[in-house]
Amino acid sequence: MKLDFIDMQSSDSSFGTVPFPPDKIEDKFYQLEFSSLQDKSRIIKEIASMIPWQVRVQDIADELKDPTLRVFARSVSAAVHSERISYRYSILAEKGHPNHYDDLEEGVFLLSSVIDSDLSYLEFRTYLDKIAIRVEELVDLNEDLASDEVKVHFLTRVLSQEEGFGGNHDQYEDPNNSYLHKVFSSKKGIPISLSVIYLLVAHRLQLPLYGVNMPLHFLLHFESSEFQTYIDSYHGGVMLDRSTCIRFLKANGFQAHERYFTHASSLTILKRMFRNLIHIYRKKEDRDMEKILSRHLLALDNKWKP
């Protein structure tokens, strides 16, 4: 059986190229350079809204024709980048909680770009594509045996055994556990970041895998007409039945309420990731990062005013 990849590219951009006339963006940067202090914030927001999330702001600055303006644009690219993150999150917040993960990749990429504005989306996307291809190849090689249960085994095998993704048990509160590009490199993360990697790979393969926003420990739920299971990405992709999840809840003082088994939306997942990070930076007394992340969380909460 051939699994078809979903196009992960946003419909509101032409990825890899400047998606608007160069003279238009040049004019905006020119306005910004010579604007009053009162107008600068507004113009930065306008520029931020024009640049697709897959395109680095620095690359836009580098394509400006006027060399003097290029220097200025580079000097303000960090401010434009930060504003663009909040703008994109505000759009995601307006969509609410659709039960799909079409926007999840954008959301977690933008979160990673908070600490690395030079991060390449092409490299980010390609890494996930290659993992999905390996799962697809296993399915194709075992087409006669590839039930939904077998597909889940292939998914967890590639991610946990071949790629080596697992929980960072020694440094659970390391902020790098929450930034996916860092997890790609270290192979270590926390339940929610590891689960997001599973979700992004499964989404490419159109597998019915969902996040489960359980207290204390984020899980995954595979649910098709022929097979259901819960997956713990933090512990090597081990499969769990519902009764085991219920025992975990009760052991930690929670009642087995149905809301703990609801499929989490992209928005829910991103908010939890942000709150985890804000909590970590607050404990570290890193007020700058706490402030930056709190601002973006306001956008996810639909409280950011462009």
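The values are calculated or read from the model by the stated rules, or taken from the named source; none is laboratory data. Quantities reported herein were computed from a predicted structural model and do not represent experimental measurements. Neighbour counts are summed over all protein chains in view; Cβ atoms, including those assigned to glycine, are modelled from backbone coordinates with ideal geometry. Heads up: the accessible areas ignore ligands, DNA and RNA and are worked out on the full protein's heavy atoms, side chains in. Shrake-Rupley method; radii C 1.70, N 1.55, O 1.52, S 1.80 Å.
Filter region 50-66 for residues that are open to solvent by 50 Å² or more (accessible area, probe 1.4 Å) and part of a helix (DSSP H, G or I); which is nearest to Ser112 (Cα to Cα)?
Gln58
Please enumerate the residues belonging to region 220-237 that are without any contact (Cβ under 8 Å) to a residue 60 or more places away in the chain, farther than 18 Å from Thr268 by Cβ and not acidic (Asp, Glu).
Answer for region 220-237, where residues must be without any contact (Cβ under 8 Å) to a residue 60 or more places away in the chain, farther than 18 Å from Thr268 by Cβ and not acidic (Asp, Glu): Ser225, Gln228.
Filtering region 219-262 down to residues that are in contact with a Ser or Thr (Cβ under 6 Å, 6 or more places away or on another chain) and part of a strand (DSSP E or B), which residue is farthest from Asp170 (Cα to Cα)?
Among residues in region 219-262 that are in contact with a Ser or Thr (Cβ under 6 Å, 6 or more places away or on another chain) and part of a strand (DSSP E or B), the one farthest from Asp170 (Cα to Cα) is Phe222.
Looking at the structure I just gave you, is Ser266 hydroxyl-bearing (Ser, Thr, Tyr) and surrounded by 19 or more Cβ atoms within 10 Å (Cβ to Cβ)?
So Ser266 passes the test.
Take region 225-252 and flag every residue that is open to solvent by less than 50 Å² (accessible area, probe 1.4 Å) and not hydroxyl-bearing (Ser, Thr, Tyr).
Across region 225-252, the qualifying residues are Phe227, Ile231, Asp232, Gly236, Gly237, Leu240, Cys245, Ile246, Leu249.
Which residue, of His217, His181, His169, His153, is under 14 Å from the mean Cα position of the chain (by Cα) and open to solvent by 10 Å² or more (accessible area, probe 1.4 Å)?
Every option except His181 fails the conditions.
So, restricting to helices (runs of 4 or more DSSP H) that lie completely within region 113-210, which ones have at least 3 residues that are more than 24 Å from Tyr89 (Cβ to Cβ) and modelled with pLDDT of 95 or more?
121-141, 148-156
Can you name the residue in region 67-87 that is out of contact with any helix residue (DSSP H, G or I) (no Cβ under 7 Å at 6 or more places or on another chain) and more than 28 Å from Leu300 (Cβ to Cβ) and is also surrounded by the fewest Cβ atoms within 10 Å (Cβ to Cβ) among such residues?
Step by step, filter region 67-87, then rank; the result is Pro67.
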